[in-house]
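Data first, discussion second: the structure below is written as structure tokens.
The values are calculated or read from the model by the stated rules, or taken from the named source; none is laboratory data. From a predicted model like this one, the values you see are computed outputs, not experimental measurements. Cβ coordinates were reconstructed from backbone atoms using ideal geometry, including for glycine residues, and neighbour counts include every protein chain displayed.
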Amino acid sequence: MATIFVKQREIWLCPFPFSDLSGTKVRPVLILSNERYNSSSVDVIVCAITSHIKEIPFAFTIKQTNIESGTLFQPSSVRVDSLFKIKKSY
């Protein structure tokens, strides 16, 4: 299996489970875990990103101008109240 290099602050797409666990949908996530954690663990710590922007106390909005590389197609909300641990090899 190839080594996957994951960096803090990257945006990745990963399968996210529905709340009733009936299936998954590919969604963007923000990598929160740092390089030390990412290099020594099979998992990474992420938070959900959504394009449905609402006034939520534990979320902040990002725009294309906030992105160092890549493309963010529309302003999105980073949900820091929605943290997950996912396997790098999903």
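Scanning the stretch 52-82 for residues being under 17 Å from residue 10 (Cα atoms) and part of a loop (DSSP other than H, G, I, E, B) gives a total of 10. Do we have residue 46 as of a type outside the set (Ser, Thr, Tyr), under 11 Å from the mean Cα position of the chain (by Cα) and surrounded by 14 or more Cβ atoms within 10 Å (Cβ to Cβ) here? In short, yes. Filtering the stretch 1-44 to residues that are farther than 25 Å from residue 72 by Cβ, modelled with pLDDT of 90 or more and of a type in the set (S, T, N, Q) leaves 22, 39, 40, 41. Of all residues in the stretch 17-38, those that are of a type in the set (Ser, Thr, Tyr) have Cβ atoms under 9 Å from Cβ atoms of residues that are surrounded by 14 or more Cβ atoms within 10 Å (Cβ to Cβ) and not in a strand (DSSP E or B), 6 or more apart or on another chain, in 33/6; 33/8; 33/41; 37/8.
Residues that are closer than 17 Å to residue 48 by Cβ and touching an Asp or Glu at 6+ places or on another chain (Cβ under 8 Å) were ranked within the stretch 65-90; the one that is surrounded by the most Cβ atoms within 10 Å (Cβ to Cβ) is 86. When we screen 29, 44 for residues that are assigned to a strand (DSSP E or B), among the aliphatic types (A, V, I, L, M) and in contact with a Phe, Trp or Tyr (Cβ under 7 Å, 6 or more places away or on another chain), the only hit is 29.
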